[in-house]
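See structure below.
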Amino acid sequence: MLTQDELLSEISRLRRERNAVILAHNYQRPEVQAIADYVGDSLGLSRQAARTDADVIVFAGVHFMAETAAILNPEKTVLLPDLRAGCSLADTLTAQDVRDWKARHPDGLVVVYVNTTADVKAEADYCVTSGNAVQIVQSLPQGVPVLFAPDRFLAAHVERQTGRTLDIWQGACHVHEAILPAHVDAARALHPDAELLIHPECGCSSHVLQEFPDLRLHSTESMVTHARESSAASFVVVTELGMVTRLERDVPGKTFVPVNRTACCEYMKMITLENVYESLRDLSGRVTVPHDTALRALLPIERMLAIG
Ligand code: 13P
Ligand code: SF4
């Protein structure tokens, strides 16, 4: 078993030898964020994956993120250090579900969150992230039925922002759904001067917006930008716990309090320094997408990358 220092130096050596890049989501463990070449939200990570000239992409995130990178880079080796790192939200929707909806709405448009499998994206017209869902739905022609899937809380946020009625798939992320209005109220009572940073996947967002109708919801990357620019000195972070690591590192001098210490995504935490090292060493955990699926999924992904 290697020590932490040995792991770090082996990862550096292998990264150079293999011409590899490590892309990490904001919810990753602190020590994994610390070794990444880029840490960001789903949109930023997809953009990095689209523009990298590395031969190997190690995805410190979950399976749908690695699939998106593989679709954008069919000639590169994309590795997910633990192939069990899935997503409860992506699991709520299948390609057949989308085909069934399209059969009922042949003139409809399908907008899927990036938190979906490649098979689902291949059936979609548009892919969105929390960073650009509102803008993309705003750009769609009026009067056309739109399926928005799979996150019902993000869908409600998009409906509020665009004034448009969507056909909403009733999926949710188990971590964000479990953040309740009572957790937000308790954190606010303890930190009355703190500003709220709320992710649109959170089940509590509509409750909070009743009291603060002008409050902006944020993708994880937008939380960083907003915290930097805001005059507030402290923030309650209403999303997955890992986000606090990213905010503390990139916005020094301000205080970040997690809304609830149990808001932890076990899939994101499956990526460790050990399995990043093993994956780089053995090129294990390779994620590929069948050519036909990748070709069909590319258009909605490119539309996602073009906006926001
Ligand atoms: P963003 O980082 O794109 O806001 O997404 C959050 C998330 O839940 C990713 O799984
Ligand atoms: Fe999926 Fe939720 Fe984990 Fe994000 S936090 S990867 S949406 S299960």
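Please determine whether any residue of region 5-22 is within 16 Å of ligand 2 (Cβ to nearest atom) and not small (Gly, Ala, Ser). For region 5-22, residues within 16 Å of ligand 2 (Cβ to nearest atom) and not small (Gly, Ala, Ser): absent.
Kindly indicate whether residue 241 is farther than 18 Å from residue 114 by Cβ, within 16 Å of ligand 1 (Cβ to nearest atom) and free of Cβ contacts under 8 Å to residues at least 60 places away in the same chain. Even if it seems obvious, please write down each step before you answer.
On the way: farther than 18 Å from residue 114 by Cβ: yes; within 16 Å of ligand 1 (Cβ to nearest atom): yes; free of Cβ contacts under 8 Å to residues at least 60 places away in the same chain: no.
Taking the combined requirement at face value, the residue does not satisfy it.
A search for C-beta distances below 8 Å between a residue of region 35-55 that is in the same structural domain as residue 8 (by TED's automatic domain parsing) and farther than 21 Å from residue 218 by Cβ and any residue that is in a helix (DSSP H, G or I) and hydrophobic (A, V, I, L, M, F, W, C), counting only pairs 6+ apart in sequence or on different chains, returns 35/8; 35/11; 35/273; 35/276; 49/69; 49/72; 50/72; 50/305.
May I ask you to list pairs of residues, at least six apart or on different chains, whose Cβ atoms are under 9 Å apart, with the first in region 141-153 being more than 20 Å from residue 218 (Cβ to Cβ) and the second being among the hydroxyl-bearing types (Ser, Thr, Tyr) and exposed (fewer than 10 other Cβ atoms within 10 Å of the Cβ)? Close Cβ pairs (under 9 Å, with a partner that is among the hydroxyl-bearing types (Ser, Thr, Tyr) and exposed (fewer than 10 other Cβ atoms within 10 Å of the Cβ)) amount to 146/165.
Look through region 157-213, keep the residues that are in a helix (DSSP H, G or I) and within 15 Å of ligand 2 (Cβ to nearest atom), and return whichever of them is nearest to residue 137 (Cα to Cα).
Once the filter is applied, the top-ranked residue is 157.
Being touching a strand residue (DSSP E or B) at 6+ places or on another chain (Cβ under 6 Å), more than 30 Å from residue 255 (Cβ to Cβ) and not hydrophobic (A, V, I, L, M, F, W, C) narrows it down to one of 167, 151, so name that one. Every option except 167 fails the conditions. Considering only region 292-306, I want to know if a residue exists there that is in contact with a helix residue (DSSP H, G or I) (Cβ under 7 Å, 6 or more places away or on another chain), assigned to a loop (DSSP other than H, G, I, E, B) and buried (at least 17 other Cβ atoms within 10 Å of the Cβ). Scanning region 292-306, I find no residue that is in contact with a helix residue (DSSP H, G or I) (Cβ under 7 Å, 6 or more places away or on another chain), assigned to a loop (DSSP other than H, G, I, E, B) and buried (at least 17 other Cβ atoms within 10 Å of the Cβ), so the answer is no. On the stretch given as region 272-290, residues that are within 13 Å of residue 66 (Cα to Cα) and without any contact (Cβ under 8 Å) to a residue 24 or more places away in the chain total 0. Residues in region 102-126 that are closer than 26 Å to residue 69 by Cα, in contact (Cβ under 8 Å) with a residue 60 or more places away in the chain and either within 16 Å of ligand 1 (Cβ to nearest atom) or not in a helix (DSSP H, G or I) (or both): 112, 114, 115, 118, 121, 122, 123, 124, 125, 126. Cβ-Cβ distances below 7 Å connect the following pairs, each with a first residue in region 86-101 that is in contact (Cβ under 8 Å) with a residue 60 or more places away in the chain, a second residue that is part of a helix (DSSP H, G or I), and a separation of six or more residues or different chains: 86/63; 87/63; 87/64; 88/174; 90/64; 93/120.
The values are calculated or read from the model by the stated rules, or taken from the named source; none is laboratory data. If you're wondering where the values come from, they're calculated on a predicted model, not measured in any experiment. Don't worry about glycine lacking a Cβ; one is built from the backbone with ideal geometry, like all the others, and counts go over all protein chains shown.
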